[in-house]
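Peer 1: This is the structure, below, for whatever I ask next.
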Amino acid sequence: MQWTDRIRQVKIILVIAAIVIAVVSLLASHLLVKDLQREERNKMETWAKALNALNNADENTDLSLVLHVIQANNTIPVFVTEPDGTVSDYRNVEIDARTAEDSDVYISDYSQRMYARGNYIKVYLGDSVQNDSLAEGDYQLVCYDESILLKRLAQYPYWQLGIVMIFVVVAIFALLASKKAEQNKVWVGLSKETAHQLGTPISSLMAWVEILKENYPNDELIPEMDKDVKRLELIAERFSKIGSLPEPVDASMNTVLEHVVDYMDRRTSKKVEMIRHLPDHEVIVKMNTALFEWVIENLCKNAVDAMEGAGKIELTLTDEDHRVVIEVSDNGKGIRKKDLKNVFTPGFTTKKRGWGLGLSLAKRIVEEYHKGRIFVKQSEVGKGTTFRIEMHKEKLHTEKESV
């Protein structure tokens with residue numbers, strides 16, 4: 001199993017855990033709100049009984065206790081209405097500047113909304129008892145709303161979850177940025193150290209090749225050795241440029257592709273067919289040729305691996321109005337759909353041997369340095385893959401930023 005699959009599983013587990021925590025939190029809050037709603041309902045029933053006792057008070061009624069119960073409600077908005085909807089009294093309702101002019105309408109609408117929600121209690125007057133045949137005027141309605149505390153408590157979990165989600169998102173972005181910066185440092189350090197370590201033996205090999213040329217001027221193998229040594233020198237130069245911003249210059253994309261094809265033809269099996277589709281005119285793009293050749297080589301080498309040493313690779317160069325398009329296609333084993341989004345991820349590889357850095361570095365060179373775009377245009381298992389690179393013709397930006 002690839003390490004990217006393990007990371008994906010960890011992300012899924014974390015998301016599921018976050019969802020479970022959110023559901024449990026909302027459920028616990030919902031149950032608490034329901035309990036408080038029942039408690040406030042009981043308080044309103046007691047308040048309604050006290051109002052009924054006040055309306056039917058006689059010489060035996062303890063008015064001090066009744067008034068204490070009525071005045072003890074300082075948090076729950078309550079309206080006393082007649083059967084026809086007329087509000088006769090209300091408590092704990094705030095009238096702000098917007099509603100001050102039409103306060104009667106506001107109070108009436110408020111009480112009607114509470115009635116429509118079922119937040120009301122009937123208070124029977126006189127010696128009336130609860131009966132469906134009671135005439136109008138035999139009862140009053142006590143309509144009530146939830147207290148501010150209860151409303152805030154009902155909203156609190158959503159605010160809490162929102163703040164937690166914002167914190168999680170910020171933390172994830174910070175971790176990703178930190179991880180990317182750490183990767184950049186590792187890659188730059190490794191690349192420069194590799195270039196440094198290659199420098200001495202390459203210089204020595206170049207000197208030995210020159211000696212061999214003098215002693216054996218007619219040997220056919222020495223020029224090939226010289227080409228390979230120069231190739232090593234080019235590779236060391238590429239590594240040395242990682243982390244810096246070499247100045248891009250106008251160069252022929254046709255020439256870049258021709259160099260890559262020539263190099264791959266000499267170093268791959270005869271069973272691999274390299275086909276070029278190039279325009280008749282030179283396509284000039286501002287780029288660093290050494291780094292861009294590296295990108296195309298990586299794509300071609302991956303194609304050879306995907307075809308297992310036998311097949312066809314097509315390089316197509318298209319010159320459009322505002323951009324240049326390069327496509328590298330093969331008829332290899334293709335890429336699974338679930339792996340498409342990870343092909344440019346550092347460390348991802350489907351090969352038994354390999355670091356999984358080639359496509360990641362290719363993406364950085366194309367997008368961060370050349371301001372272009374590279375992606376998998378299409379891929380089908382068993383039929384092959386097409387990588388597409390899009391380069392702008394406009395003058396490239398040259399801000400100081402690392403490859």
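The values are calculated or read from the model by the stated rules, or taken from the named source; none is laboratory data. Note that this is a predicted model, so its numbers are computed, not measured. Because the Cβ atoms are built from the backbone with ideal geometry, glycine has one as well, and the counts that use them run over all protein chains shown. Calculation scope for accessible area: heavy atoms of the full protein, side chains included, ligands and nucleic acids excluded. Shrake-Rupley method; radii C 1.70, N 1.55, O 1.52, S 1.80 Å.
Peer 1: Within the bounds of the stretch 293-301, is there any residue that is polar (S, T, N, Q) and either modelled with pLDDT of 85 or more or part of a helix (DSSP H, G or I) (or both)?
Peer 2: Yes, the conditions are met somewhere in the stretch 293-301.
Peer 1: Sticking with this one: Take the residues in the stretch 352-400 that are open to solvent by 70 Å² or more (accessible area, probe 1.4 Å) and either in contact with a Cys (Cβ under 8 Å, 6 or more places away or on another chain) or within 22 Å of residue 191 (Cα to Cα) (or both), then tell me which one is modelled with the highest pLDDT.
Peer 2: By that ranking, first place goes to 353.
Peer 1: Is it the case that residue 239 is open to solvent by 30 Å² or more (accessible area, probe 1.4 Å), part of a loop (DSSP other than H, G, I, E, B) and among the aromatic types (Phe, Trp, Tyr)?
Peer 2: So residue 239 does not fit the description; no.
Peer 1: If you check every pair at least six apart or on different chains, which have Cβ atoms under 8 Å apart with a residue in the stretch 209-221 that is under 23 Å from residue 266 (Cβ atoms) first and a residue that is among the acidic types (Asp, Glu) and in a loop (DSSP other than H, G, I, E, B) second?
Peer 2: 212/219
Peer 1: May I ask you to list the residues in the stretch 322-344 that are surrounded by fewer than 18 Cβ atoms within 10 Å (Cβ to Cβ), in contact (Cβ under 8 Å) with a residue 60 or more places away in the chain and not in a strand (DSSP E or B)?
Peer 2: Answer for the stretch 322-344, where residues must be surrounded by fewer than 18 Cβ atoms within 10 Å (Cβ to Cβ), in contact (Cβ under 8 Å) with a residue 60 or more places away in the chain and not in a strand (DSSP E or B): just 322.
Peer 1: Return the residues of the stretch 52-89 that are closer than 24 Å to residue 103 by Cα and not polar (S, T, N, Q); say none if nothing qualifies.
Peer 2: If the condition is that a residue be closer than 24 Å to residue 103 by Cα and not polar (S, T, N, Q), then 70, 76, 77, 78, 79, 80, 82, 83, 84, 85, 87, 89 are the ones that fit.
Peer 1: Sticking with this one: When you check residue 140 against the structure, is it of a type outside the set (Phe, Trp, Tyr), closer than 30 Å to residue 113 by Cα and touching a residue at least 24 places away in the same chain (Cβ under 8 Å), yes or no?
Peer 2: yes
Peer 1: Can you tell me how many residues in the stretch 214-227 are open to solvent by less than 70 Å² (accessible area, probe 1.4 Å) and either on the phi > 0 side of the Ramachandran plot or assigned to a helix (DSSP H, G or I) (or both)?
Peer 2: 3
Peer 1: If you don't mind, there's one more thing I want to ask. What pairs come out if I take residues in the stretch 162-185 that are touching a residue at least 24 places away in the same chain (Cβ under 8 Å) and pair them with residues that are surrounded by 10 or more Cβ atoms within 10 Å (Cβ to Cβ) and not in a helix (DSSP H, G or I) whose C-beta lies under 9 Å away, six or more apart or interchain?
Peer 2: That search, which allows pairs on different chains as well, returns 183/346; 184/243; 184/402.
Peer 1: For residue 274, work out the one condition from (1) under 35 Å from the mean Cα position of the chain (by Cα); (2) open to solvent by less than 40 Å² (accessible area, probe 1.4 Å); (3) at pLDDT 90 or above it doesn't fulfil.
Peer 2: It fails just one condition, (1).
For (1) surrounded by 13 or more Cβ atoms within 10 Å (Cβ to Cβ); (2) more than 30 Å from residue 166 (Cα to Cα); (3) modelled with pLDDT under 85, each residue gets a yes or a no:
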site	(1), (2), (3)
11	no, no, yes
19	no, no, yes
32	yes, no, no
63	no, yes, yes
101	no, yes, yes
107	yes, yes, no
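Peer 1: Still on this model: Residue 289 - would you say it is over 31 Å from the mean Cα position of the chain (by Cα), open to solvent by 30 Å² or more (accessible area, probe 1.4 Å) and more than 17 Å from residue 235 (Cα to Cα)?
Peer 2: no
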